[in-house]
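Below: one structure, written as structure tokens.
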Amino acid sequence: MAASLALAIEAALSTELALASLIAQVFGLLLLSQSTPLEISVDEQMLYVGKAKIERKYIESVQLLNADEMRCARGPEANVRAYLALRFWVQTGVKIVFNDSNDPTPYWLVSTKRGKALQEALGR
């Protein structure tokens, strides 16, 4: 999309403005991606992912997902009731399955580069 906008600016105005526009867009996207980290923390009782939280006693399993498994899990195999905490620049993650009969959310799909450490912290 950034390239399309830059081409439109070049056609309408000039190459210099198009290049400046493209650089500004890329810089803006990089800044945005760095300013929106996904905070994940675990304590004795709770798991926190972004603004979501759940008691650890409801966690049934934690499955590590490589890039291909993550692509399928967030695409064709996704459950519409699942909580998705995804970052497009992180290709791996974990699928955290719950056994809470009062919560319709079957699992959380979480982007993380430290899936093994999260799995160990949760004791699963």
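I want to verify a result. In a Gaussian network model of the chain, Cα cutoff 10 Å, which of these has the top mean-square fluctuation: A73, A24, A52?
A24
List every residue whose amide H lies under 5 Å from the amide H of T112, counting only residues 5 or more places away in sequence or on a different chain, with H placed 1.01 Å from N in the peptide plane.
T92, G93, V94
If you add up the charges near L65, with Lys and Arg at +1 and Asp and Glu at -1, over every other residue whose beta carbon is less than 10 angstrom from its beta carbon, what do you get?
On the way: positive: R71, R74, K95; negative: D68, E69.
Here the count lands on +1.
Output the 0 to 90 degree angle, nearest 10, between the alpha-carbon long axis of helix 15-34 and the longest principal axis computed from the alpha carbons of the chain.
10 degrees
Once you've got the GNM for the chain with C-alpha springs shorter than 10 Å, pick whichever of L109, L32, L65 has the biggest mean-square fluctuation.
The residue with the greatest mean-square fluctuation here is L32.
Coordinate-derived values only; no laboratory data. Keep in mind the model is a prediction, meaning the values are calculated, not measured. Cβ sites come from the backbone with ideal geometry, for glycine too, and all protein chains shown count toward neighbours.
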